[in-house]
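Okay, so here's the structure we're looking at.
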Amino acid sequence: MNLSIVQGDITQFHADAIVNAANTSLLGGAGVDGAIHRVAGPGLMAECKTLNGCRITGGYDLPCRYVIHTPGPIWRGGGHGEAAQLASCYRSCLTLALENGCRTVAFPSISTGVYHYPLMQAAHVALKAITDFLRLHPQLSVTMVCHSPQALHAYQVVWNMLYQETKPHED
Ligand code: APR
């Protein structure tokens, strides 16, 4: 499986495309959105003003060819379709990446900052959506770029729960 989990700053990450946890206006914000716009420079904002929805732009001064902007769901307790919306964000970004000839894609942990999606639950949805997609499209490589040690830990724990748990021997 071409999926890695690392800790770092996605604005410094070299990939064909990085994903921005944006809002529906695509006109910038705080968190990873603000960081991406600061490093990319004013050209990115100018291009975003021409778009709406989950969209792809150039990377400008970032070390990536494209930025894929996706508004994640705002956490409202979990009973409002948040998990389905979050999974759909990951799938839409990967589909858009493939359509634009990308082979390497880096994600931040969408919705787990300003939008307050609980980290462990978000990690579960993200890793499941990405691995399901990669099984169908093994030519893609994906990196989850976790900003904090806590996020890195959450993604590693969930990864182990989902895919690397060894069953005890039954003799
Ligand atoms: N690199 C990687 N991850 C980062 C970085 C960075 N430079 N900066 C922040 N993050 C992480 C946060 O720690 C969090 O885990 O990205 C995750 C998503 O947090 P937010 O950026 O707050 O995104 P989100 O929760 O989806 O909220 C989106 O915030 O900035 C606004 O315009 C944006 O309104 C939208 C909302």
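Assorted remarks:
- If only residues of region 74-133 that are aromatic (Phe, Trp, Tyr) and in a helix (DSSP H, G or I) are counted, the one that is farthest from Val19 (Cα to Cα) is Phe133.
- Of the residues contained in region 48-65, none is found to be at pLDDT 95 or above, surrounded by 14 or more Cβ atoms within 10 Å (Cβ to Cβ) and within 8 Å of the ligand (Cβ to nearest atom).
- Residue count for region 46-98, restricted to those that are of a type in the set (Asp, Glu) and under 19 Å from Phe13 (Cα atoms): 1.
- Options Thr11, Thr24; residue that is within 14 Å of the ligand (Cβ to nearest atom), closer than 25 Å to Ala123 by Cα and part of a helix (DSSP H, G or I): Thr11
- Neighbours by Cβ (under 9 Å, 6+ apart or cross-chain): first from region 15-26, at pLDDT below 95; second of a type in the set (S, T, N, Q) and near the ligand (Cβ under 10 Å from one of its atoms): Ala22/Thr70; Leu26/Asn20
- Near pairs, Cβ below 6 angstrom, 6+ apart or cross-chain, from region 54-65 (at positive phi) to any residue that is crowded, with 17+ Cβ neighbours inside 10 Å and outside any loop (DSSP other than H, G, I, E, B): Tyr60/Ala40; Tyr60/Leu44
The values are calculated or read from the model by the stated rules, or taken from the named source; none is laboratory data. Because the structure is predicted, anything quoted here is derived from the model rather than measured. As a convention, Cβ positions derive from the backbone with ideal geometry for all residues, glycine included, and neighbour counts pool all protein chains shown.
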